[in-house]
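Structure first, commentary second.
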Amino acid sequence: MNNRRNFLKKASIAGAFAATASLASCAKDAANNTAAQSSAGAGSTLAGFEPKLIVPKAGGLPISATFIDEISHDIPHQNWGEQEWEQDFLYMKAIGIDTVIMIRSGYKKFITYDSPYLLKKGCYKPSVDLLDMYLRLADKHDMKFYFGLYDSGHYWATGDLTHEIEDNRFVIDEVWKKYGHHKSFAGWYLSGEISRKTKGAIESFRVLGQQCKDVSGGLPTFISPWIDGTKAVMAASGSLSKKDAVSVEEHEREWGEIFAGVQGTVDACAFQDGHIDYDELDAFFEVNKRLADKYGMQCWTNAESFDRDMPIKFLPIKFDKLRMKLEAAKRAGYDKAITFEFSHFMSPQSSYTQAGHLYDRYKEYFNF
């Protein structure tokens, strides 16, 4: 009996080692396949497979820029190092993205670079200089980089955007002095996310936009506000919609006043496209383009690649929803499509499996 037990025990151990070895071999093969795909910027689409789309291909405005949300408060951190970030830049390039936008250089006490001013204000020292890393990667891969200003969090608590002026006066100067030599440094993102009737919005955008231009020799600035539509609810809210949504007429009147106030200091406006319903896209997009043309701005769309229609906030968007938004932007004659944001919601190496599938569907549609 003891001999039989010893035999079974040895057989079990041998089987476990064999299974482990087999799994390790499979993992190695998978890693090699992934590396081969990565070097070409490929997703997971099977070679030779031709999707049978029943809509015209490439009928939307292609995404050519993405935010980088390294300092976030409502989506999970992926804890990437430089190797993962470089791979993501390759995935971006493979589908025509040529511009990256750091959405904010800091939020409250967490910051992306070793800022003497912000550290004295009580911010936490980052373990690596993310701003330097992004600029080096953008330099290496011939991409443009837009710097997003600091967000102290005061605006979200008070509703007054003028709180952001003081800190950013110092941030703008020190960033340009230390990082402005990079060939990829192409512009500035005025990171205050506003909608209608935001207190201090015109003053803040005008003052900070002008300073950005003055220190950098006139590099362009842009904003990305949200439309106060039916889906404009707070991320922490349990609701997906609201009743007191702005009308198209109100939106045009109120944003006409804002555009008039920031004319000359803001070069482009990329309205977030996820706060209105899909059958409202054309009406609001036409207004946005008309206003931008009137006040001499570029009209961009911030094509959100996450889904606002689900109770789980936030997951990668259904491809057809993204497609419909990009097609509406093209019909309206928009100048550029950016997205929030590639790394979480479209990247093949995202922590969300669905993101890689969205990448594949996007590639099929745009013939990449």
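The values are calculated or read from the model by the stated rules, or taken from the named source; none is laboratory data. What you see is a predicted model, and the numbers here were worked out from it, not measured in a lab. Glycine also receives a Cβ, built like all others from the backbone with ideal geometry; neighbour counts cover every protein chain displayed. Surface areas here come from the heavy atoms of the whole protein model, side chains and all, with no ligands, DNA or RNA. Shrake-Rupley method; radii C 1.70, N 1.55, O 1.52, S 1.80 Å.
Couple of notes before you dig in:
- Long-range neighbours under 8 Å by Cβ, at least six apart or interchain, first residue over 17 Å from Arg104 (Cβ atoms) within the range 187-204, second open to solvent by 10 Å² or more (accessible area, probe 1.4 Å) and aromatic (Phe, Trp, Tyr): Ser195/Trp226
- Residue check, Lys183 at pLDDT 95 or above and in contact with a Ser or Thr (Cβ under 9 Å, 6 or more places away or on another chain): no
- Evaluation of Tyr295 against (1) open to solvent by 10 Å² or more (accessible area, probe 1.4 Å); (2) out of contact with any strand residue (DSSP E or B) (no Cβ under 7 Å at 6 or more places or on another chain) (one fails), failing number: (2)
- Only listed residue being modelled with pLDDT under 95 and either assigned to a loop (DSSP other than H, G, I, E, B) or within 19 Å of Gly296 (Cβ to Cβ) (or both), chosen from Lys213, Lys197: Lys197
- Selection count, the range 62-119, where residues are among the hydrophobic types (A, V, I, L, M, F, W, C), in contact with a Leu (Cβ under 9 Å, 6 or more places away or on another chain) and either modelled with pLDDT under 95 or over 14 Å from Phe342 (Cβ atoms) (or both): 2
- Screening the candidates Ala236, Ala157, Ala245, Ala232 for the property of being open to solvent by 10 Å² or more (accessible area, probe 1.4 Å), at pLDDT below 95 and assigned to a helix (DSSP H, G or I) yields one hit, Ala157.
- Qualifying residue in the range 121-144 (condition: polar (S, T, N, Q), farther than 28 Å from Gly356 by Cβ and not in a helix (DSSP H, G or I)): no
- Hits in the range 145-154 (condition: part of a loop (DSSP other than H, G, I, E, B) and surrounded by 19 or more Cβ atoms within 10 Å (Cβ to Cβ)): Leu149, Ser152
- Close pairs from the range 76-92: first touching a residue at least 12 places away in the same chain (Cβ under 8 Å) and of a type in the set (Gly, Ala, Ser), partner surrounded by fewer than 16 Cβ atoms within 10 Å (Cβ to Cβ) and assigned to a helix (DSSP H, G or I), Cβ under 9 Å, at least 6 apart: none
- From the options Asn288, Asn302, residue that is surrounded by 20 or more Cβ atoms within 10 Å (Cβ to Cβ), farther than 20 Å from Arg206 by Cα, in contact (Cβ under 8 Å) with a residue 40 or more places away in the chain and not charged (D, E, K, R): Asn302
- Filtering the range 273-283 to residues that are surrounded by fewer than 21 Cβ atoms within 10 Å (Cβ to Cβ) and either touching a residue at least 24 places away in the same chain (Cβ under 8 Å) or aliphatic (A, V, I, L, M) (or both) leaves Asp277, Tyr278, Glu280, Leu281, Asp282, Ala283.
- The lone exception for Leu322 - which of (1) aliphatic (A, V, I, L, M); (2) surrounded by fewer than 20 Cβ atoms within 10 Å (Cβ to Cβ); (3) more than 24 Å from Phe259 (Cβ to Cβ) it fails: (2)
- Meets criteria (in contact with a strand residue (DSSP E or B) (Cβ under 7 Å, 6 or more places away or on another chain) and not hydroxyl-bearing (Ser, Thr, Tyr)) for Lys93: no
- Qualifying residue in the range 149-159 (condition: hydrophobic (A, V, I, L, M, F, W, C) and in contact with a helix residue (DSSP H, G or I) (Cβ under 6 Å, 6 or more places away or on another chain)): yes
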